[in-house]
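First the structure, in the form of structure tokens, and then the observations on it.
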Amino acid sequence: MLKVLFIASECTPFAKTGGLGDVVESLPIALRNRKIDARVIIPKYENIPAEFKKEMVHKKTFTVPVAWRQEYGGLEILKHEDSTYYFLDNEKYFKRAGLYGYYDDGERFTYFCRGVLESLPYMDFQPDILHCNDWHTGMIPLFLKVFYWNNPFYQNIKTVLTIHNLKFQGIFPMEILGDLLGLDDSYRGDEGVEFFGNVNFLKAGIVHADRITTVSESYAEEIKTDYYGEKLNGILKKYEGKMQGILNGIDYKKYNPETDPYIYENFRCSSVKKEQNKVKLQEDMRLPVRPEVPVLAMVSRLTRQKGLDLLIHIIDELLNEDIQLIILGTGEWKYEQALREAAERHPQKMKAYFMFNEPLAHKIYAGADLYLMPSLFEPCGLSQLIALRYGTLPIVRETGGLKDTIISYNEQMGVGNGFSFANFNAHDFLFTIKRALDFYHNRKPIWNKLFKNAFKANFSWTSSAQKYIKLYEDLYGG
């Protein structure tokens with residue numbers, strides 16, 4: 001049985017800021033269902049819920065070298081819902097509010113990368129594959145080659161790096177090369193960690209990992225271009241032979257309208273039950289209860305990446321239509337303020353909630369008719385997959401994983417599971433919304449067909465988990 005250790009900065013339900021946490025929870029579960037011994041290690045953050053902390057068992061105390069320093073390392077283990085999770089404990093680095101955004105993040109995640117490697121001999125299994133995720137773990141493939149090559153325990157371990165979002169790379173001053181990473185000047189340059197005079201953790205992972213994956217096939221191609229490449233497109237083209245796009249999935253048990261405990265009425269491809277969810281959502285949102293009115297929704301981080309500039313540019317024109325709009329999320333202050341002001345101008349048509357609230361998110365997915373996702377770029381996107389699961393038709397921009405998962409309705413062919421537009425342009429977005437509204441109001445047979453198509457889509461981990469298994473087996477020689 002292949003043994004895979006997922007290494008990440010977050011994992012649901014312990015610590016999460018975005019989709020990375022969901023993937024690191026759900027993909028190992030899908031792999032375990034296919035006879036892969038997949039486990040997870042993350043930092044032991046201060047804000048991990050107390051009910052999980054009290055169940056953790058201390059396994060080993062050891063020291064972690066951070067260049068010339070010797071830091072405390074504690075390995076803790078937790079069995080949760082038939083899964084095994086490890087936590088790297090160090091209060092100096094992780095006993096803080098939140099996960100990221102500290103002045104010493106370079107040191108914190110240097111420690112995490114070394115600490116994970118130092119902890120491996122104290123686990124009760126020896127991984128064949130270290131599956132690293134994003135920049136926080138990018139130094140692991142390099143550290144493995146530099147500091148552990150002559151230790152028999154580590155010699156057969158292979159590394160995979162998944163890029164969930166190329167925009168976040170872990171860029172720090174070159175001074176940390178020796179002082180934190182413990183590397184000499186030979187690791188500068190194109191084949192090292194150097195990136196425009198700084199150290200780049202993600203680049204180190206791209207160069208030194210045995211395989212690289214991204215979270216959709218289109219994103220794997222996009223990031224090799226100047227527009228999407230975030231200045232790493234040259235190095236990605238150089239190593240494209242070891243790179244593969246594998247689409248993320250979602251947990252179909254967690255997001256299941258037939259059994260979801262959070263939604264008002266459980267249903268299975270039922271427009272009647274869907275409407276009941278909408279009516280109760282309207283009541284809860286204190287919007288006029290009008291089941292005939294289409295409800296548009298967005299559950300998202302409120303950032304430029306998610307297309308908030310497009311939405312805000314057209315929001316008054318959009319709200320002149322006979323619609324209702326519900327926004328749930330947190331993000332940049334300027335977007336929150338613009339949405340707050342729009343909701344104040346249109347109190348009978350729009351509600352905006354600036355928070356993270358999972359039960360409410362499920363209610364919105366189940367009660368809305370259309371889901372807005374006009375992203376500037378989108379490595380994969382999970383929200384459009386969740387929306388489809390609840391029969392809410394996505395309106396997306398054709399980029400990354402949105403392009404791979406949403407088929408814009410084609411009137412000649414009669415196929416589609418949503419609506420899309422190509423250019424990052426506010427009025428193209430508005431035109432696409434109006435097109436969807438026309439089907440909703442005036443062409444009910446087509447709308448009902450699209451509604452049913454949403455439920456026929458399958459974006460569980462079934463296919464993608466098998467692709468990861470093939471990658472692991474090819475990498476490890478069967």
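Below 8 Å between Cα atoms, with a sequence gap of 6+, how large is the relative contact order for segment 15-170 in percent?
Reported as a whole number, the value is 19 percent.
Once you have the Cα-Cα distance between PHE431 and GLU175, take 0.36 nm times their residue separation minus that, and quote the gain in nm to one decimal.
Net length gain for the segment: 87.1 nm.
Between GLU51 and ARG290, what length comes free when the chain is fully extended (0.36 nm per residue of separation minus the Cα-Cα distance, one decimal in nm)?
Answer, rounded to one decimal: 81.9 nm.
Would you calculate the convex hull of the Cα atoms in the chain and tell me its volume per residue in Å³?
Once divided by residue count, the hull of the chain is 146 Å³.
Once you put a point 7 Å from the Cα of ASN410 and another 7 Å from the Cα of ASP309, both along the Cβ direction, what distance in nm separates them?
With each label placed 7 Å out from Cα toward Cβ, I get 3.1 nm.
Provide the packing ranking of 197-209, 176-188, i.e. peptides ordered by the mean count of other C-beta atoms within 10 Å per residue, highest first.
The peptides rank, most packed first, as 197-209, 176-188.
For ILE364, ILE263, which order do you get if you count the other beta carbons within 10 Å of each Cβ and list the fewest first?
Sorted ascending by nearby Cβ count, the order is ILE263, ILE364.
For LYS334 and TYR100 in one chain, what is 0.36 nm times their gap in residues minus the Cα-Cα distance, to one decimal in nm?
82.1 nm
Given R₀ = 41 Å, FRET efficiency for LYS167-LYS79 by Cβ-Cβ distance, to 0.05?
0.70
Over 21 Å between Cα atoms: which of LYS167/LYS467; LYS237/LYS306; LYS95/LYS254; LYS167/LYS403; LYS253/LYS273 fall into that group?
Violating the 21 Å Cα-Cα cut-off are LYS167/LYS467; LYS237/LYS306; LYS95/LYS254.
Anything over 30 Å Cα to Cα? Flag those among LYS242/LYS363; LYS145/LYS238; LYS60/LYS242, in the order listed.
LYS242/LYS363; LYS60/LYS242
Could you tell me the distance between the Cα centroids of segment 386-407 and segment 293-336, to the nearest Å?
So the separation of the two Cα centres works out to 16 Å.
Return the distance in nm (one decimal) between the two label points of a simple spin-label model at ASP316 and TYR122, each offset 7 Å from Cα along Cα→Cβ.
6.1
Going highest first, how would you order 101-112, 349-360 by mean Cβ packing within 10 Å?
Sorting 101-112, 349-360 by mean packing, highest first, produces 101-112, 349-360.
ALA352's amide H: which non-local residues (gap 5+, or another chain) put their own amide H closer than 5 Å, with H modeled 1.01 Å from N in plane and none for Pro or chain starts?
Here the answer is ILE327, since their amide H atoms fall under 5 Å of that of ALA352.
Given only helices, namely DSSP H runs of n ≥ 4 each adding -39500 (n - 2.57), what is the per-residue ellipticity at 222 nm of the chain, to the nearest 500 deg cm²/dmol?
-10500 deg cm²/dmol
For segment 335-478, what number results from the quotient of the Cα radius of gyration and 2.2 N^0.38 Å?
1.21
How would you rank 51-60, 432-441, 73-82, 378-387, highest first, on the average number of other Cβ atoms within 10 Å across their residues?
Top to bottom by mean Cβ count within 10 Å: 378-387, 432-441, 73-82, 51-60.
Values quoted throughout were computed directly from the atomic coordinates according to the rules given, and no laboratory measurement underlies them. These numbers come from a predicted model, not from an experiment. Because the Cβ atoms are built from the backbone with ideal geometry, glycine has one as well, and the counts that use them run over all protein chains shown.
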